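Peer 1: Just passing along the structure, written as C-alpha cells.
The values are calculated or read from the model by the stated rules, or taken from the named source; none is laboratory data. Please read all numbers here as calculations on a predicted model, not as lab measurements. Because the Cβ atoms are built from the backbone with ideal geometry, glycine has one as well, and the counts that use them run over all protein chains shown.
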Amino acid sequence: MAWWNKPKRGAETPKPFAFQRKGQPVQRHRVKVRHQQGYRVPERAEVYGKGVQLRAMVVVFALCLLMGSMAVQLAYVAVMPATEPRVSIREMPKEALRRGDIYDRNGVLLATTLKTYSLYADPKRVLDANEIARAVPKVLPDVKAQRIRRLLADPSRRFVWLKRRLTPAEAQQVHTLGLPGLGFREEFVRVYPQQKVASHVLGAVDVDSNGLAGVERKFNDSLRKGEDLQLAIDVRAQDILASSVKEVLDKSEAKSGWGVVMDARTGEIVAMVSLPDYDPNHFGNYPDEARFNRAVLASYEMGSTFKIFTLAQGLAAGHITPATQIDCREPIHIGRYTIKDYHAKGKVLTATEIIRYSSNIGASKIADMGGPEEQQDFMRKLGMLQPLDIGVAEVGPVRYPDNWGRIQTFTISFGHGMMVTPMHLVAAVAALTTDGYYRVPSVVKGGSGQPSHKVVDMRTVRDVRDLMRDVVTSGSGRNAQVAGYDVGGKTGTAEKATAHGYSGTKNVVSFVAAVPMEQPKYVTLVMLDEPKRGYHTGGLAAAPAVGQFIQRMGMLAGLQPDMGKVAAERLALERKAGVRHTTAAKPHAVAMQDRAQPQPRGEVHEAFRAAGIVD
Amino acid sequence: MKSTLTVLAVVLSIASFAGMLRLKTDVESLAGKRARLVAEHSRLREEKQVLEAELAHLAQPATLHRFAAKRGYVPLATTMLVPMNPEAGGGDGMVE
C-alpha cells in the first residue's frame, strides 16, 4: 500500500474507494461525489498522486536541461577565447567602398578619397515643390529652379539627385532649410591634391569612382578594393620636368611638349609629362587635346635619336668601332630616294663624328653593313616592335614597315619609316647606356616585375656612352651641358609627315640624355611638336630643357656634381661677366664639401683665391 | 535527496539567470563602447584623410615655388656651389 493510503494510527479504517485501483491516483472530480456517498475524503497527496509526480518530474527535467544548456553556454563564453567582433553591416560598408590612395615614390599623397554629401529629393515626400525650387537655388546657385520643378514633377519617382558632392558648408545650409522630401547621401569624392602634377600618370575617375585614364584605370580593380598604390613617380622630378618643358614650350611656341625621366637601373618612370595637361579634379572640363598623353599614347618618327641604335647595332655586331671611317661625301641615291645630311660635312667621317654631326649618310651606311634582318632583330631586342605597357591604361602603337627592305633599313637608321612612342625610345637608350640589359619601364614603384634581357655587351655600352657624351661636348647637344655633370645625349629633328610627304617647316624635335655618363642613373627625354623657327631643332629647343632639368634635379636626386668642373665653370662665367667678389660680398650660394673629388680641392681653392672669391 | 536536487536546480537556475543577465549587460555595454569607438575611429580617419590631402596640397611644388619666389630664393644651380674649407676633409656642408 502506498504511504498516503495507510490508515492513521488508532483511527477506524475508512472505507476505501471502491473504484480506486492499487497504485492509481484519485481523480479530482470524483472525490466530491464519492464523499457524499460516504467514502473517505482523500488527502491532498492522494489526489495528486503519481501522475502529478510524473508531470512535475518532466518539468524539473526540462528546467534542468534549460539551465544546463545555459551553464554550458556560460562556460563556453568564459573558457573559449574571444573572437574578433564581426563588422556590422551598418558600420563599415562605406569604408570598404573607399577607393585606395595613390602615393609617389617618397610617400607623397597623389590621390585620395574624401567623404562628401550629395543632395537628393524624394518627390513623393515633397510637400511643396515650388518652395524647394525657390529655396534650394538660393544656397546652391548652380542648381536651377526649373530643373528642380521638372525633377519633382513626377511623384511616382522616389529618388532624384539634385546636386552631388556638396561642400560641408553647402550641406549645412541646405539642412538648415528644413524642407521635407530632401535628404543627403554620403558619398566619396576622389581628390588630387597635387592638381596638375603627374596628371597624365594618375588619370582620373568618373562620378562613380571608376577609373577613366592613367593608373586610375589600369589599377581600377585593386583601387576599388581599397588597396593603396605606390608609384615610381617623384613629384619633385615631375614638377621640375614639367616646368622645364613648359618654359621651352612657351618660348618656342610649340603646339605641345612632353618628357619622360626613367631610372635607368630599375626601369622605373620617375617623371612623365605631357603638355598641355589637365587637372584631374576637373577632368571633364578639359579638351581631348589636354587629356592626350603624348608620352605613351602617340607614336612618332623619332629622327636622329635613332642613330644611337644604328651605331650600337654596328658596334655590337663588330661592323664598326668608334674610329671606323665612313665615306659621307656624297648623298646616297637609292630608288627614287636621295639620302643626304642636314649639316653636310662633305668628307669621310668616323663613327664618332657620324653621331656628333648627325650624319644620315653615315648612319645609313652603317645600317647597310648588317642589313634589314640584323636591324629588325636588334630593334626587336630593344622592344621597338611591340606596344609597351608601362602601367597606365594608355598603350600607344608602333608602326614599322611590313616589307622591311634595304631602303627601309636606310631610313630607319636615322629615325624615319618607323614610329614608336617616346617611352620606347627612353627604354631602349637606358638599355644601351646602363648595362646592356633591356628593362620594361613601369610607373609602379619596384618596376614592371618582368625579366630583363641582354641586348649588347658592356664594351658596346661604354662606346655608346662615349658617343653620346661627345654629342654634348662637341656636337649638336651642347645646350644640354650642365656644370659639374657629365651629360650625354642625342638630338633628334624629324620632319612631320603630311598628306603630301614630309613637311619642310613642321618638325618634331627631341633630345634624349643620360646622366651621369660614367654610370647613368637617369635617362631623360624631352620632345616638342612644331616649335617655331629658332627652336626648330632638337639641339635648340629640347636640349636646353633637358639641361635645365638636370641642373635643377641633379642634387635632389643625389647626383654629386664634380666640384672641380663646377668651380671652373663658375670662374669662367664670372670672368666673362667681369665680376670680382670679395670674401665679405660673396653671392648667395649653398656651400658644400666636395668629398667625391678630394684631389681638385687645392686647385679649386687656388682658382677661387685667384678670382678673389676667397682669401 | 530529491529535495536537495530540487534546491540545487533552483540555485543553479538563479545563478545561471543572474550570470546571463550580467553577461548580457556587460556585452551590451561593451558593444555600445565599441560602436562609439568605431564611430570615433571613422571620424578621426576622415579628419586624417582631409588633413593629409590639405598637407599634400599645401606642400605641392608649385606652392613651394611661390613661397620661395616671394622670399627671393631661386632654384639651386651647380654653379652656385662653393666648396668650403677645401684643404680640410671633415665637416658637413654649410649654408652661407
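Peer 1: Out of A:GLU268, A:GLU247, report the one residue that is away from chain B (no Cβ under 14 Å) and not aromatic (Phe, Trp, Tyr).
Peer 2: A:GLU268
Peer 1: Pick from the range A:178-191 the residues that are within 18 Å of A:GLY226 (Cβ to Cβ) and modelled with pLDDT of 90 or more: which of them is farthest from the other protein chains (Cβ to nearest Cβ)?
Peer 2: Kept after step one, since they are within 18 Å of A:GLY226 (Cβ to Cβ), are these residues of the range A:178-191: A:186-191.
Now narrow it down to the ones that are modelled with pLDDT of 90 or more: A:190-191.
On the way: A:ARG190: 11, A:VAL191: 5 Å.
Selected residue: A:ARG190.
Peer 1: Now for a different question. Could you list, in sequence order, the residues of the range A:300-337 that are assigned to a loop (DSSP other than H, G, I, E, B) and within 25 Å of A:GLY538 (Cα to Cα)?
Peer 2: Within the range A:300-337, A:MET302, A:PRO322, A:CYS328, A:ARG329, A:GLU330, A:PRO331 qualify.
Peer 1: Which condition number in (1) under 34 Å from the mean Cα position of the chain (by Cα); (2) at pLDDT below 95 is the one that A:ALA312 fails?
Peer 2: Going through (1) under 34 Å from the mean Cα position of the chain (by Cα); (2) at pLDDT below 95 one by one, A:ALA312 breaks only (2).
Peer 1: Can you list the strands (runs of 3 or more DSSP E) lying wholly within the range A:202-286 that have 1 or more residues being charged (D, E, K, R)?
Peer 2: It comes to A:256-263.
Peer 1: How many of the residues making up the range A:93-126 are within 8 Å of another protein chain (Cβ to nearest Cβ), over 30 Å from A:ARG147 (Cα atoms) and either modelled with pLDDT under 60 or in contact with an Asp or Glu (Cβ under 6 Å, 6 or more places away or on another chain) (or both)?
Peer 2: The total comes to 4.
Peer 1: Which ones in the range A:418-453 are in contact (Cβ under 8 Å) with a residue 40 or more places away in the chain, in a strand (DSSP E or B) and of a type outside the set (A, V, I, L, M, F, W, C)?
Peer 2: Of everything in the range A:418-453, those that are in contact (Cβ under 8 Å) with a residue 40 or more places away in the chain, in a strand (DSSP E or B) and of a type outside the set (A, V, I, L, M, F, W, C) turn out to be A:TYR438, A:SER442, A:HIS453.
Peer 1: Which members of the range A:348-368 meet the condition of being assigned to a loop (DSSP other than H, G, I, E, B) and either closer than 13 Å to A:ASP327 by Cα or β-branched (Val, Ile, Thr) (or both)? Steps first, answer last, please.
Peer 2: Going through the range A:348-368, the residues assigned to a loop (DSSP other than H, G, I, E, B) turn out to be A:357-359.
A:SER359 - this is the single residue of the range A:348-368 that is assigned to a loop (DSSP other than H, G, I, E, B) and either closer than 13 Å to A:ASP327 by Cα or β-branched (Val, Ile, Thr) (or both).
Peer 1: Quick check on this structure: which one of B:ALA9, B:ALA35, B:ALA18, B:ALA53 is farther than 30 Å from A:ILE550 by Cβ, surrounded by fewer than 14 Cβ atoms within 10 Å (Cβ to Cβ) and either among the acidic types (Asp, Glu) or facing chain A (nearest Cβ under 9 Å) (or both)?
Peer 2: So the residue among B:ALA9, B:ALA35, B:ALA18, B:ALA53 that is farther than 30 Å from A:ILE550 by Cβ, surrounded by fewer than 14 Cβ atoms within 10 Å (Cβ to Cβ) and either among the acidic types (Asp, Glu) or facing chain A (nearest Cβ under 9 Å) (or both) is B:ALA35.
Peer 1: When you go through B:GLU40, B:GLU46 one by one, which is the residue that is surrounded by 12 or more Cβ atoms within 10 Å (Cβ to Cβ) and among the acidic types (Asp, Glu)?
Peer 2: After applying the criteria, what remains is B:GLU46.
Peer 1: Out of curiosity, is A:THR409 among the hydroxyl-bearing types (Ser, Thr, Tyr) and without any contact (Cβ under 8 Å) to a residue 12 or more places away in the chain? Give the steps one after another, and end with the answer.
Peer 2: Details: among the hydroxyl-bearing types (Ser, Thr, Tyr): yes; without any contact (Cβ under 8 Å) to a residue 12 or more places away in the chain: no.
It is false that A:THR409 is among the hydroxyl-bearing types (Ser, Thr, Tyr) and without any contact (Cβ under 8 Å) to a residue 12 or more places away in the chain.
Peer 1: Please tell me if B:VAL27 is at the interface with another protein chain (Cβ under 10 Å from one of its Cβ atoms) and under 45 Å from the mean Cα position of the chain (by Cα).
Peer 2: yes
Peer 1: How many of the residues in the range A:244-278 are touching a residue at least 40 places away in the same chain (Cβ under 8 Å) and over 15 Å from the mean Cα position of the chain (by Cα)?
Peer 2: Matching residues across the range A:244-278 total 20.
Peer 1: State which residue is nearest to the other protein chains (Cβ to nearest Cβ) when the search covers only the range B:56-84 and only residues that are under 36 Å from the mean Cα position of the chain (by Cα) and among the polar types (S, T, N, Q).
Peer 2: B:GLN60
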